[in-house]
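As structure tokens, the structure follows; a few thoughts come after it.
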Amino acid sequence: MTPPAPLPWPAMLGEERRRRYVEVRTLGREVLAAVAAAGEEARVNRLLVTSLADHGLVPALFPERHGGSRQSEVSAVELCLVREALAAESTEAETAFAMQGLGAYPILQSGGDELVARWIPEVAAGRAVAAFALTEPGSGSDAGALSTAAVRDGDGWRITGTKTWISNAPDADVYSVFARTSGDTGPQGVSAFAVPGDAQGVTGEPLHLLAPHPVGTVRFDGVFVGEDALLGEVDRGFRVAMETLARFRPSVGAFAVGMAQAAFEATQAYVDERHAFGGALRDLQVVAHKLASMAVRLHSARLTVYDAAVAFDRGEDRLAFRSSAAKQHATETAQGIVDDAVQLHGAVALERGHPLEHLYREVRAPRIYEGASDVQLEVIARELAKEARPG
Ligand SMILES: Cc1cc2nc3c(=O)[nH]c(=O)nc-3n(C[C@H](O)[C@H](O)[C@H](O)COP(=O)(O)OP(=O)(O)OC[C@H]3O[C@@H](n4cnc5c(N)ncnc54)[C@H](O)[C@@H]3O)c2cc1C
């Protein structure tokens, strides 16, 4: 059965993008969900990554000249569409797709020609798995306080430190690693490197989080990388991290919207199937209104996400406001919608393995990673203060 496109479809997206959404969702439903389900908990599912690549989704993240299938870098709208459509069918497929982009974009955008040629075609083909390694045990939201150190050693660098809560660790083939090259603390003095997962001195272990996708710790124990592993300029690596995170920020919201859409659709069907007090659940006004409220919140979250994505692609103003609003509003709203869906299903939704039980666990983490909701509000608050007090 062809999966539905959300109703109402956002007017700003148009018919071609609606077809793209349905195409990706169909692929997620008919092919990827089963491949994802066969994976091992907390480990990278390599079959899933190759399947995402073989069906053209991962190549669509990268330019043709680097083994991808697009003219240029991926647009924020395409990223959001694919993430939303995949999330509605398989959250594991969604995160596997997104991480190939998040992990590899620092290399694509800031790596030298040889480094890009070494990694991007492999990542695009799904043969190499990428990871983005910024967070440390002692620095999360305050990422600029990181302490992993890179010191010069002959014609290269030696990296020592621990990164934690890293998606795709410890199984990734390449890590975009952010390490301190000067100063004691703060974003200045951070540099970015591409580190192969099989380099001597790289170790790690999986973590078992409430989020069902693979996340782990990775340690660098005097790992040597050549000068060509540097991404961008020395001491300017924080900017590399922020550029990638800015491109992906609205799409974290899209991931959340996709999960909320799946929860909403399940509830739409269930309130007619389930009978109580002599009629369908939908006949109870409280239930019908809760469903209406879920639909309105879902629509508003989706509009915020695509507004930010369209603005990013067009280079419009108020990007920080739009992207932070999209991420904050969509992830918080999705949590509420999934919670309402669980409520309207009752106990059955809490059974281990029920789609809503899975969504209930998966929807929580995006409110924390890639800038917690509170941090996004802080960004918005600063933007508002700038507007109110120009100069
Ligand atoms: C499933 C999952 C996957 C992840 N994947 C990756 C990855 O691939 N790569 C990576 O580098 N990291 C990853 N992370 C880590 C993630 O980015 C961090 O968890 C996040 O940055 C928050 O850091 P923290 O958990 O240390 O919380 P802390 O920084 O300790 O913050 C705790 C809380 O304090 C509040 N807070 C902190 N600072 C502020 C502020 N300035 N204003 C207002 N409130 C504030 C917020 O409520 C915040 O949630 C992942 C995390 C999870 C859960």
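Straightening the chain between E114 and A11 buys 32.8 nm, computed as 0.36 nm per residue apart minus the Cα-Cα spacing. With neighbours defined as other Cβ atoms within 10 Å of a residue's Cβ, the residues F132, F248 order from fewest to most as F248, F132. Centre-to-centre, using Cα atoms only, region 98-120 and region 335-368 are separated by 35 Å. When each full DSSP H helix of the chain is screened for a Cα extent of at least 18 Å along its own axis and an average Kyte-Doolittle hydropathy of at least -1.0, the helices passing are 76-89, 91-110, 237-273, 285-314, 319-345, 373-388.
Ordered by the count of other Cβ atoms within 10 Å of each Cβ, fewest first, Y369, Y175 give Y369, Y175.
How high is the FRET efficiency between E378 and V234 when r is their beta carbon distance and R₀ equals 25 Å, given to the nearest 0.05? Once the sixth-power term is evaluated, E becomes 0.30. Counting 0.36 nm for each residue step from Q268 to T50 and taking away their Cα separation leaves a gain of 75.1 nm. Separation of region 38-73 and region 198-240 by C-alpha centroid, Å? Answer, in whole Å: 20.
Note: relative contact order over the chain, using C-alpha pairs below 8 Å and six or more positions apart, is 15 percent. From helices alone, the chain scores -16500 deg cm²/dmol at 222 nm; the rule is -39500 (n - 2.57) for each run of n ≥ 4 DSSP H residues, then divide by the residue total. Compute the Cα gyration tensor for the chain, then decide on rounded, prolate or oblate, letting a ≥ b ≥ c be the square roots of its eigenvalues: rounded whenever a/c is under 1.5, prolate when a/b is larger than b/c in the other cases, and oblate in all that remain. In terms of gyration-tensor shape, prolate. Assuming R0 = 45 Å, can you tell me the calculated FRET efficiency for the pair H289 and D221, based on Cβ-Cβ distance, to the nearest 0.05? In this case the efficiency is close to 0.20.
To the nearest whole percent, what portion of all C-alpha pairs in region 130-235 is separated by more than 24 angstrom? Summing the P(r) of region 130-235 above 24 Å gives 16 percent of all pairs. For V22 and R43, the difference between the fully extended length at 0.36 nm per residue and the C-alpha to C-alpha distance is 4.7 nm. Around the Cα centre of the chain, unit charges on the Cβ atoms of Lys, Arg, Asp and Glu (plus for the first two, minus for the last two) sum to a dipole of about 700 debye. Listed by Cβ neighbour count within 10 Å, with the fewest neighbours leading, V82, V287, V363, V74 appear as V287, V74, V363, V82.
FYI, it's all coordinate maths here, none of it is from the lab. Note that the structure is a prediction, hence the values are computed from the model and not measured. Quick reminder, even Gly has a Cβ in these numbers, built from the backbone with ideal geometry, and neighbours come from all protein chains shown.
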